[in-house]
1. Regarding Ser107, is this residue in contact with a helix residue (DSSP H, G or I) (Cβ under 8 Å, 6 or more places away or on another chain) and not β-branched (Val, Ile, Thr)?
2. Is it fair to say Leu79 is surrounded by fewer than 20 Cβ atoms within 10 Å (Cβ to Cβ) and in contact (Cβ under 8 Å) with a residue 60 or more places away in the chain?
3. So, Val132, is that one surrounded by 15 or more Cβ atoms within 10 Å (Cβ to Cβ) and either closer than 25 Å to Ile155 by Cα or aliphatic (A, V, I, L, M) (or both) or not?
4. Under the condition of being free of Cβ contacts under 8 Å to residues at least 12 places away in the same chain and not in a helix (DSSP H, G or I), which residue from the range 149-189 is surrounded by the most Cβ atoms within 10 Å (Cβ to Cβ)?
5. What pairs come up if the first residue lies in the range 126-139 and is free of Cβ contacts under 8 Å to residues at least 24 places away in the same chain, the second is among the small types (Gly, Ala, Ser) and crowded, with 16+ Cβ neighbours inside 10 Å, and their beta carbons are under 7 Å apart, counting only those six or more places apart or on different chains?
6. Quick one: would you say Val58 is buried (at least 20 other Cβ atoms within 10 Å of the Cβ) and among the β-branched types (Val, Ile, Thr)?
7. Exactly one of these conditions fails for Tyr67: (1) touching a residue at least 40 places away in the same chain (Cβ under 8 Å); (2) under 23 Å from Met1 (Cβ atoms). Give me its number.
8. Within the range 40-54, identify whether any single residue is under 13 Å from the mean Cα position of the chain (by Cα), aliphatic (A, V, I, L, M) and surrounded by fewer than 21 Cβ atoms within 10 Å (Cβ to Cβ), and answer yes or no.
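Readers should treat all values here as calculations from the given coordinates under stated rules, not as data from a laboratory. On a predicted model such as this, the values are computed, not experimentally measured, just so you know. Glycine also receives a Cβ, built like all others from the backbone with ideal geometry; neighbour counts cover every protein chain displayed.
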Amino acid sequence: MTWVKSFWQFSRPHTIIGTSLSVLALYFISLATTGNSVTTTNLEQMLAVWLACLCGNVYIVGLNQLYDVEIDRINKPELPLASGKFTIKQGKLIVSIAGILALLTASLSGIWLFATVATSLIIGTAYSSPPVRLKQFPFWAAFCILTVRGVIVNIGLFLHYGDKLNGREALNPYVWTLTLFILLFTVAIAIFKDVPDLEGDKQFNINTFTLVIGKLAVFNLSRGVISVCYLGMIGAGLFWLTSLNVRFFIASHLVLLGLLWWRSRDVDLSEKSAIADFYQFIWKLFFLEYLLFPIACFI
């Protein structure tokens, strides 16, 4: 159980939850927009996608920890490699197995899934690994995160599901709207993620937006971007996605917009724990979108 708990920490639970919800949400949106229902065959397709994406997720976050051990001992000392619960050898073994399983499962499932997983792993490797190590540069670090989370996963998985469930790869207004929302929302996550890690990043010369423009500016920018996301979804419900449950769609996003501003008013930017809590709150808002969007499509 101790090993399982350490592995769960190593896999970065908030990213695992985000990946799982994206896989499930795109599956159900594909069903709702193509007139399909859940069958044993397409359920097996979803489970294969889920396995491939989870393994890819573990590879990407694990590789980042392998190259950030010294930084994590300052910023995230509870992580298994930083705390010594896992050895470097164990970390490398887990990352290697996860990467191989991700590519193998994807290759056996379809060309679109393989392209999605392989591209994500390449970008994840470039993000963390020397000599490229794109995470050193604020723009490219944000670009990596928003490209994978915002574009590649949504478009790639929807094309895969379209091919397997409907026999053709087709994108519709629903997936374009969700992709644009996730793309912008991921910008907010990408620029805010380094605010709690200011000390370690500064000591090891990792140049982040927080170091360049300051905590308050990053905080306000992230909140502003998320607000634009919600306002955009409200507009989409009024003028673009009129075949879904418009009242539920608009009301739910109004509630989340209000919740964002209510929750952000008491964040103490001088307290690392308060910043980390708000960062986790942003991820919860991210999770909720992957629940609300397919619900609005079905009801």
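1. When the stated conditions are applied, Ser107 passes them.
2. no
3. Here the answer is no, as Val132 does not meet what is asked.
4. Only one residue tops the list, namely Ala170.
5. Leu134/Ala141
6. Yes, satisfied.
7. Among (1) touching a residue at least 40 places away in the same chain (Cβ under 8 Å); (2) under 23 Å from Met1 (Cβ atoms), the lone unmet condition for Tyr67 is (2).
8. Within the range 40-54 (the criterion being under 13 Å from the mean Cα position of the chain (by Cα), aliphatic (A, V, I, L, M) and surrounded by fewer than 21 Cβ atoms within 10 Å (Cβ to Cβ)), the answer is yes, since at least one residue qualifies.
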